[in-house]
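Reading through the structure tokens given below for one structure.
Derivation of every value follows stated rules applied to the coordinates shown; laboratory data play no part. If you're wondering where the values come from, they're calculated on a predicted model, not measured in any experiment. Neighbour counts run over all protein chains shown; Cβ positions are idealised from the backbone, glycine included.
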């Protein structure tokens, strides 16, 4: 008897088999139904590399959840009232306008100027570790991106623990269509705290500007345009939530891949020049964001499936990154892989604005970790992942080491 193709709940981290190894599940889906209708999300789910790439690059497909079929899970991202969604969920010209007002802070050149400070933060966090067994997520992977974003925004880094807790609460609920009432309440409280913090900072910067991103957004002008307070708050939320959660997971997933492939770890120690390529392979091999999507603005057909206007088209970045039609031995972690291109930062006009920053943060954190400890091995503890649909990140990752 043929086993049914996984769909719905079986494609979420709430399913133990998917949470443990989503790639085995996605291989089955891609082979059996590269495009399939998902009743849980009331939308399409696409898993082949080339189709995912083309969907993300299509300039006409929508991202605004207000344009989606109201029965779809995507439509549940719509905000109450007349409030505009964040840049992540806007279409042009709104998306282009907001991106143009903030992108100067995230160019490769601007981020490269931050590399020294990022390395310093990683070193300081490692200096505080005095035991030979520790949770990488708690001690290094989680705090580093929060400190970096807080410093970029000009917010007191003493609030980093609160910032991380608030952003985790918001992400857990916002991206989870099966959120509980308790999670929704916690997220609302966290969002209110974040908004109050950002608005206080904006008010201060309007009186006394500094060399930080909030001041830059207040002063930003592109073609005579500027950002109002609501838009600045929205951008701050997006940077904090989308930026630090995903980079935390990139570091955690990447270090896990290295430690579970000791030959690759030894290779990287012997050849530090492979670090940039290694981070790209980490992104391909175990992306922190595993799903994305668009909304059909017209009738289209993908893999023989007719898709109608307003239907959501979910794409599996994780499946695309391990498509055997594109990557030889896709389930092998290889830091010398010659083709490490991936879909982990999305594509098209919504290609991740923070990609240069995430890359540098991962590079410098892993560099500092390897320089500090001559031995790094996984501790004998069960792996635990956070259950947030669309994301893949460890709740804890304990490692043993000695200097």
What do the square roots of 5 times the Cα gyration tensor eigenvalues come to for the chain, in whole Å, largest first, as semi-axes of the equivalent ellipsoid?
-> 30, 30, 19
If one builds a Gaussian network model of the chain from Cα atoms under 10 Å apart, the most fluctuating residue listed among 208, 344, 86 is 208
Cα gyration tensor shape of the range 196-324, rounded if a/c is under 1.5, else prolate or oblate by comparing a/b with b/c | oblate
State, as an integer percentage, the relative contact order of the range 48-171 based on alpha-carbon contacts under 8 Å between residues 6 or more apart.
-> 12
For the range 311-363, calculate the relative contact order in percent as a whole number, restricting contacts to Cα pairs under 8 Å that are 6 or more residues apart.
-> 29
The chain, Gaussian network, Cα under 10 Å: of 261, 321, 168, the residue fluctuating most is 261
Mind running the shape call on the range 258-403? Use the C-alpha gyration tensor, a ≥ b ≥ c as the square roots of the eigenvalues: rounded below 1.5 for a/c, prolate if a/b tops b/c, oblate otherwise.
-> prolate
Most mobile of 251, 155, 290 in a GNM of the chain (Cα contacts under 10 Å) = 155
Determine, for 305, 197, the number of other Cβ atoms within 10 Å of each Cβ, and report the residues in order from fewest to most.
-> 305, 197
